[in-house]
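First up is the structure itself, then whatever we jot down about it.
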Ligand code: HEC
């Protein structure tokens, strides 16, 4: 969580904002995001390889681009665990490096 928060503040905060609230219609929220909760593998894949095209978060459609940030699998696991357990989000299944490794383009 501590490592994940540092990565978040370095790489993600500019778009997804300090409380994970995003910017309406531009950058989707991570806080209480139904997409993040229900589309776990797709969310990890987006952070790993980038994500573009239509994506619906909490009923709002986003059609924008998130470039890949060049994080290694361990850093991705850390930041995923941070965002999935912050701002009211929680998961009882932590993301592991193995899980991130297994996700390919
Ligand atoms: C340059 C802005 C930008 C940065 C930096 C960025 N994102 Fe994103 N992110 C986006 C956009 C835009 C989308 C939606 C893409 C689309 O419309 O297809 C998105 C989508 C997502 C989603 C899936 C949708 C959701 O809201 O649940 C997750 C999860 C996510 N980002 C996590 C991260 C993490 C973790 C980082 C840092 C490692 C990060 N993002 C950095 C812009 C950004």
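The values are calculated or read from the model by the stated rules, or taken from the named source; none is laboratory data. For clarity, every value in this text was computed on a predicted model and none was experimentally measured. Reconstructed Cβ throughout: ideal geometry from the backbone, glycine too, with neighbour counts over all protein chains shown.
Key figures
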item: Residue 71 vs. criteria over 22 Å from residue 5 (Cβ atoms), in contact with a helix residue (DSSP H, G or I) (Cβ under 8 Å, 6 or more places away or on another chain) and within 8 Å of the ligand (Cβ to nearest atom); result: no
item: Close pairs (7 angstrom Cβ cut-off, 6 or more residues apart or separate chains): touching a residue at least 40 places away in the same chain (Cβ under 8 Å) in the stretch 47-60, assigned to a loop (DSSP other than H, G, I, E, B) and more than 6 Å from the ligand (Cβ to nearest atom) anywhere; result: 48/68; 48/103; 49/68; 49/105
item: Within the stretch 48-66, considering residues that are more than 6 Å from the ligand (Cβ to nearest atom) and at positive phi, the one farthest from the chain's Cα centre (by Cα); result: 59
item: Some residue of the stretch 48-63 being buried (at least 18 other Cβ atoms within 10 Å of the Cβ) and closer than 19 Å to residue 1 by Cα; result: yes
item: Residue match in the stretch 22-40 (condition: at pLDDT 95 or above, loosely packed, with under 12 Cβ neighbours inside 10 Å and more than 10 Å from the ligand (Cβ to nearest atom)); result: no
